[in-house]
Every structure is written in C-alpha cells, then in structure tokens.
Amino acid sequence: MISFYPGPSRVYPEIPRYVQEAYEAGLLSANHRSPEFVEVSRKVIHLLHERLQIPKDYMIFFTSSATECWEIISQSLVSKESFHFYNGAFGEKWLQYARQLQPAAEGVAFGLEQILPIDYQIDTTAELIAVTHNETSNGTAVSMELIRQLRDRHPDQLIAVDATSSMAGDLLDFSAADVWYASVQKCFGLPAGLAVMVCSPRALQRAAEIGEKGHYNSLLYLQQMIENYQTTYTPNVLGIYLLMRVMEERPGMEQTATQLQKRYQRYKKELENFPFAEMLVKNDEVRSLTVLALQADKKVIDQLRQQGREAGLVLGNGYGAWKETTLRIANFPAILEDEVEKLIDFLKRFSM
Ligand SMILES: *Cc1c(COP(=O)(O)O)cnc(C)c1O
C-alpha cells in the first residue's frame, strides 16, 4: 500500500536500514547523556540549520510533537495573551490549547479562499501572534511575504508559525518569524514521536524575561540542556538518529521544493480535467504546495477512497468540517516519483 495520507505519512523507504544501523551501532541502548548521543544530536542540529536554511542565531529544540509546541509557546513565551489567526482545524485547535493555559488568548477565523488578513486590528496587549503556515485540514497555506508583512506591522510581538506539514517540503523564510515548529511524521518522512522547534534570539530573550520554569519542558530548561546538545528528559533517540540520516541523504531545500512544485503542477493539471472532483481551494494564491484537498460529494469521495485502496493507494480522508466531502493527498518528499505516477494513472482511469 502506498500512503498519500498527510500524516502520519509515507516514510522514506530507507528507514528500516537506518533503524538496523542504529541498532548495530548500539545507539538504541545509549544513554542520552553519553558522547554517542551528544554527537548525533549535534550533527542533527547542524544539518537542520544547513539543509533547511535556518539562521545561525536561531536555536533548534527537540520536542515530542507539534501539540507539545503549542503548550510550550503558551507556557514559556506568553505571560497572558496570544492572538491566533486560523482558517481550519489545526489553527483552531492551537487557539483552544492556548486558551486552556491562558484564557485571555484571542483569535480570528478567516475564510478558506482568503489571504491572511494582516490588517486585522490585533489587541496591543497580545504578546505573540500565531499563524498556521500550512493548514493540513484543508490544503491552504500562507505566503512567506504575508508572514513578513505581519512581522513588520507588529514589531513588538513575537510571531509563531505552525509549519508541521510544510517544514522540510516547502521553502520557509525562518527570519520572517520568531518560532517555527513541525513534527516529523509529515514532510520529514519519518515515524511519529518527535518534533523540532526553532526559536529566534528575540523569542529566547522573551523566555528569559518571562522566566517561566514550572515544567519539564519550560523553554528555559530546554535551552539550558540543548546548549550541550541534550534534552530535559530521555528523548526519542531513534527518532533523532533517523532525522540525522534523512537530513544527511536529502538534497537541499531548493531541489526538494522544486520537485514538489513539479508534482503539484502535474496534479493540478490532472485535476483540472478530472470530471468527478475538483480542488477544494479555488484561489491559487492560498493553496498549499504539500497538501492537496479534493472536493466532491460524499459518494464520489467514498468511491475514490475505496477504489484507491483496491489499487494499493491510501488517500487521506477529509478533516474537521470537510470530513465527508473532501479527501487529501500528501505531496511530501518521501513519496516516490513512480508512486505519484500510479496515483495520476489511477485518477485518469477512475470511473463510477
Ligand atoms: C499534524 C499537525 C499537528 C499536530 O501534530 P502532532 O505531531 O500530532 O502534535 C499540528 N498542526 C498541524 C498544522 C498539523 O498538520
């Protein structure tokens, strides 16, 4: 079965070999304070900076999930109030998690076809502005230009960006915001259970001003430990090793993004002529590169998924408000060229 599910998603076919390597190197039983682990961790951080073009003065942290990052941001980077833009299920969930920790968190929903409403009047009391770069639930994305404009408009606030389903697939301009995070079971093509969080010097300065130290994952503790390439708890050592191997073997981001853009154009062309379903998002400007959402009535969606399965293709179901009438196709780097061909071929032949 070939998975086009947008997370957990298809993992790189080399993963079993890398796991074997980690086992043989004794890494799976290595202490997380040992020089062996520290060496792997140091390498991963170096590779992430280099391959994803993360500014040198931004720090990279290991966490266990994007959800954990939602909590870390509220607890360690906001003393009272954050502001959230959302147009789908993940952005809205982030606001809900923020509210659990800080009831003053506010947000505004914007439309599926709408660009990020950067001129929205945000309360001056908001300390951090939250944006979901790639809304996995509906296949929309926010451009880097808009994130930069948002930052220019709000020089005193931190900008935090959920890039869970775009980091390592789409080109991100890290310098345009203060906090970026992603779990690895999407564009990184790895098994779940690890996430990376990237913080600007400004974000770290804010954490120091707030001084929050009440949790095992308080950002100040994470920072103290990662300065020596370590974590506050026993981390997902295997996941970190796999991340290192994948980063070592992957081409640079430009090449990856160009490959995904080519695939996206092929899907787009195919879907323009596809009589059974259409792209959920009509506005090209807000469409995601890495997650495509197709819309049709429920009968067609059911048939596409069922016949897909029979052809060995797992298509992602819809999510949230779009559960029944959409399906999602991951355009992630770990999906192989001939697997994309198989899906396009399936769409060409589909009938009901
Ligand atoms: C998948 C996803 C999450 C949640 O990731 P977890 O690793 O399950 O915490 C958050 N935000 C977005 C945009 C996602 O796609």
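Among the residues of the range 317-330, which ones are touching a strand residue (DSSP E or B) at 6+ places or on another chain (Cβ under 8 Å), more than 17 Å from E278 (Cβ to Cβ) and of a type outside the set (S, T, Y)?
Result: N317, K323, A330.
Quick check on my filter: what residues within the range 205-224 are part of a helix (DSSP H, G or I) and of a type in the set (G, A, S)?
The initial filter retains those residues of the range 205-224 that are part of a helix (DSSP H, G or I), namely 205-210, 219-224.
Answer for the range 205-224, where residues must be part of a helix (DSSP H, G or I) and of a type in the set (G, A, S): A207, A208.
Can we say A126 is within 16 Å of the ligand (Cβ to nearest atom), surrounded by fewer than 24 Cβ atoms within 10 Å (Cβ to Cβ) and assigned to a loop (DSSP other than H, G, I, E, B)? Break it down stepwise before answering.
Working: within 16 Å of the ligand (Cβ to nearest atom): no; surrounded by fewer than 24 Cβ atoms within 10 Å (Cβ to Cβ): yes; assigned to a loop (DSSP other than H, G, I, E, B): yes.
It is false that A126 is within 16 Å of the ligand (Cβ to nearest atom), surrounded by fewer than 24 Cβ atoms within 10 Å (Cβ to Cβ) and assigned to a loop (DSSP other than H, G, I, E, B).
Just checking, how many residues over the range 269-295 are surrounded by fewer than 19 Cβ atoms within 10 Å (Cβ to Cβ) and farther than 17 Å from D170 by Cα?
Summing the residues that are surrounded by fewer than 19 Cβ atoms within 10 Å (Cβ to Cβ) and farther than 17 Å from D170 by Cα in the range 269-295 gives 11.
Looking at L146, L150, can you tell me which residue is among the aliphatic types (A, V, I, L, M), away from the ligand (no atom under 15 Å from the Cβ) and either buried (at least 22 other Cβ atoms within 10 Å of the Cβ) or over 25 Å from L292 (Cβ atoms) (or both)? I'd like the intermediate steps shown before the answer.
Working: L146 fails: either buried (at least 22 other Cβ atoms within 10 Å of the Cβ) or over 25 Å from L292 (Cβ atoms) (or both).
Unique residue meeting the criteria: L150.
Looking for something under 18 Å from the mean Cα position of the chain (by Cα) and of a type in the set (S, T, N, Q) - is there at least one such residue anywhere in the range 77-96?
Yes: the range 77-96 contains one or more residues that are under 18 Å from the mean Cα position of the chain (by Cα) and of a type in the set (S, T, N, Q).
Could you say which residue among I122, I159 is touching an Asp or Glu at 6+ places or on another chain (Cβ under 7 Å) and not basic (K, R)?
Every option except I159 fails the conditions.
Mind listing whichever residues of the range 272-293 are part of a helix (DSSP H, G or I) and touching a strand residue (DSSP E or B) at 6+ places or on another chain (Cβ under 6 Å)?
V286
Show me the helices (runs of 4 or more DSSP H) found entirely inside the range 1-110 where at least 1 residues are more than 25 Å from Y221 (Cβ to Cβ). Break it down into steps so the answer makes sense when it comes.
On the way: elements: 15-24, 35-51, 66-77, 89-101.
Counting at least 1 such residues, we get 15-24, 35-51, 89-101.
Restricting attention to the range 223-277, which residues are of a type in the set (G, A, S) and over 19 Å from G26 (Cα atoms)?
Answer for the range 223-277, where residues must be of a type in the set (G, A, S) and over 19 Å from G26 (Cα atoms): G252, A257, A277.
Name the residues in the range 174-197 that are more than 10 Å from the ligand (Cβ to nearest atom) and not in a loop (DSSP other than H, G, I, E, B), would you?
The answer is F174, S175, A176, V179, W180, V196, M197.
For the list (1) without any contact (Cβ under 8 Å) to a residue 24 or more places away in the chain; (2) closer than 30 Å to Q149 by Cα; (3) surrounded by 16 or more Cβ atoms within 10 Å (Cβ to Cβ), I need the number of the one condition that Y221 fails.
(2)
Out of L220, L171, L242, report the one residue that is under 27 Å from K93 (Cβ atoms), in contact with a helix residue (DSSP H, G or I) (Cβ under 6 Å, 6 or more places away or on another chain) and within 16 Å of the ligand (Cβ to nearest atom).
Step by step, each of L220, L171, L242 is checked, and only L242 is under 27 Å from K93 (Cβ atoms), in contact with a helix residue (DSSP H, G or I) (Cβ under 6 Å, 6 or more places away or on another chain) and within 16 Å of the ligand (Cβ to nearest atom).
For every residue, the table says whether it meets (1) without any contact (Cβ under 8 Å) to a residue 60 or more places away in the chain; (2) under 20 Å from M167 (Cα atoms); (3) not charged (D, E, K, R).
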| position | (1), (2), (3) |
| --- | --- |
| K269 | yes, no, no |
| E278 | yes, no, no |
| K282 | no, no, no |
| E285 | no, yes, no |
| R309 | no, no, no |
| F332 | no, yes, yes |
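Which of (1) away from the ligand (no atom under 16 Å from the Cβ); (2) within 18 Å of V291 (Cβ to Cβ) does V161 not meet, given it meets every other one?
Of the numbered conditions (1) away from the ligand (no atom under 16 Å from the Cβ); (2) within 18 Å of V291 (Cβ to Cβ), the odd one out for V161 is (1).
We did not get these values from a lab; they are worked out from the coordinates using the rules stated. Note that this is a predicted model, so its numbers are computed, not measured. With ideal geometry, Cβ positions are generated from the backbone for all residues, glycine too; neighbour counts draw on all protein chains shown.
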